[in-house]
Amino acid sequence: MHTCGVEIKGSEVLLCLLSKENDVFDIRDVRQTRFVLSDANDTEEIQKFHRDFKKLMEDYQVDAIAIKARPHKGKFAGGAVGFKMEAALQLITNLDVHIISATEMKEQLKRNPLPIEFADTGLKKFQEQAFMTAYVDIMLRTYAKQ
């Protein structure tokens with residue numbers, strides 16, 4: 001089970017690849033930990049973002065993308081660029097794409113606390129939410145099978 005956790009902030013996609021095999025988690029090194037979309041009105045740039053992200057997922061044999069949900073309205077609402085990026089990720093074929101709400105994350109982390117402190121993962125601070133999202137997605141898929 002290879003999962004790419006994603007947090008979308010503004011015009012950036014921050015990511016973390018997490019695998020679980022035989023009840024052992026592995027944080028995978030990846031050549032690119034963020035994507036930036038500078039012009040969301042440029043069709044070619046959105047298509048390039050889509051192709052580049054899809055290629056990264058293929059190269060690392062990722063099975064699923066887990067995206068941290070963002071509010072649609074209110075003070076912390078996601079912007080239009082972020083929603084375009086989210087849609088581009090959802091259109092990647094041959095991958096399960098899940099959007100995980102804050103409530104789902106909170107419930108799952110309560111049921112299945114992280115087995116390691118984030119500071120001990122070796123990841124950069126900006127990858128924390130992507131890591132948590134990938135972990136929660138793996139837990140949801142693991143326990144949905146039982």
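Charge dipole (Cα centre; +1 on Lys/Arg Cβ, -1 on Asp/Glu Cβ; no other charges) of the chain amounts to roughly 440 debye.
Amide H to amide H, with H built 1.01 Å from N, Cys16 comes under 5 Å of Gly5, counting only residues 5 or more places away or on other chains. The label point for Arg31 and the one for Glu107, both projected 7 Å from the Cα toward the Cβ, are 3.9 nm apart. Of all aspartates and glutamates in the structure, those lying under 20 Å Cα to Cα from Lys106, and not within fewer than 8 positions of it along the same chain, are Glu7, Glu117, Glu128, Asp137. A Förster radius of 30 Å combined with the Cβ-Cβ distance from Glu58 to Ala80 puts the calculated FRET efficiency at roughly 0.60. Measuring between alpha carbons in the structure, the pairs from Lys9/Lys124; Lys48/Lys124; Lys48/Lys125 lying more than 19 angstrom apart are Lys48/Lys124; Lys48/Lys125. With each label modelled as a point 7 angstrom along the Cα→C-beta vector, the Asp42-Tyr143 pair spans 4.4 nm.
Just so you know, all these numbers are worked out from the coordinates, no wet-lab data involved. None of the values given here were measured: they were computed from a predicted structure. We place every Cβ from the backbone using ideal geometry, glycine too, and count neighbours over all the protein chains shown.
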